[in-house]
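One structure is given here, and the rest of the page talks about it.
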Amino acid sequence: MSLKENINLSKLPEHIAIIMDGNGRWAKQQGEQRIYGHENGVKSVRDTVEAAAELGVKYLTLYAFSTENWNRPKEEVMALMQLLVHTISAETKTLNKNNIRLQAIGDLKSLPADCYNELQEAIESTKTNSRTTLVLALSYSSRWEMVNAIKEIAAKVENNTLSAAAITEDTINAHLCTAGMPEPELMIRTSGEHRISNFLLWQLAYAELYFTDKLWPDFRKEDLYEAILDYQNRERRFGKTSEQLIS
Ligand code: IPE
Ligand code: IPE
Ligand code: MG
């Protein structure tokens, strides 16, 4: 049986989040510039989005650019932004054809204007699609998101539209960029790094973490299937005992 056929569709994660890492190292292995790795990562994005949609995964969040990535050399940042604009406009048609809705989380206002505009156009043009939601994390970091959420909540307390005592987990959820989305059950990171790098710290509280040594430009549908199968073989206890889960 193929990997795909082994997947239990009734136990599919509703939301998968991926830290797409290793583009630079992949390029270096080929004796090329880092941007060549980013360019080749686009094929992996296409493959992964297609595989997730075909399986019926409802949300796929891809970490494409972190707040900290602004600190990279200017040429790399510019090239990445250009690649982003180009890819978004080239892929909108395919997203619509495949009934995929595009959304974005992060400090989108900090993106270059052409990038921001392309992104908003693609979001608008795909907004009624319902098969899968593709969420791009762009200029995103979890601490940035939390600071924002806390400021918004504090402002409501200050102007008496919310009392401090009434703040719950739901209040926090509602003020994060991911408001309304289910929490990721599975988080995948490529390239052999075992860290979260400021990604969805609150939302990943109970996610299963999956690490692979594959570099992002080598990641294909089969790699996603492998991660999902690994996830399906785990016992998610949420603080309970194994025995409690069986009964
Ligand atoms: C991930 O690949 C893409 C981004 C962070 C934009 P990297 O560019 O981090 O590649 P490595 O980790 O240096 O190999
Ligand atoms: C995390 O990768 C961010 C993205 C994949 C967009 P990095 O390559 O920036 O992470 P660190 O610096 O190795 O932690
Ligand atoms: Mg990296």
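A short reminder: the numbers here are calculations on the coordinates, not readings from a lab. None of the values given here were measured: they were computed from a predicted structure. Positions of Cβ are backbone-derived with ideal geometry, glycine not excepted, and every protein chain shown enters the neighbour counts.
Remark: for residue pairs Lys58/Lys127; Lys127/Lys151; Lys28/Lys214, the C-alpha separation exceeds 18 Å in Lys127/Lys151. Which of the trypsin sites (Lys or Arg not before Pro) found in the range 147-236 are loop residues per DSSP with 12 or fewer other Cβ atoms within 10 Å of their Cβ? Taking the range 147-236 and a limit of 12 other Cβ atoms within 10 Å, the loop trypsin sites (Lys or Arg not before Pro) found are Arg195, Arg234, Arg236.
Viscosity 0.890 mPa s, temperature 25 °C: what is the translational diffusion coefficient of the range 111-222 from Stokes-Einstein with a Kirkwood Rh over Cα pairs, rounded to a whole number of µm²/s? Stokes-Einstein gives a translational diffusion coefficient of 146 µm²/s. Helix content alone sets the calculated 222 nm mean residue ellipticity of the chain: runs of n ≥ 4 DSSP H residues at -39500 (n - 2.57) each, divided across all residues, give -14000 deg cm²/dmol. May I ask for the longest run of the chain untouched by GluC sites (Glu not before Pro) that are loop-located per DSSP and have at most 14 neighbouring C-beta atoms (other than their own) within 10 Å? The answer is 33-192. Using the Cβ atoms and a cut-off under 10 Å, what net charge is assigned to the surroundings of Pro184, where Lys and Arg are +1 and Asp and Glu are -1? It works out to a net charge of -4.
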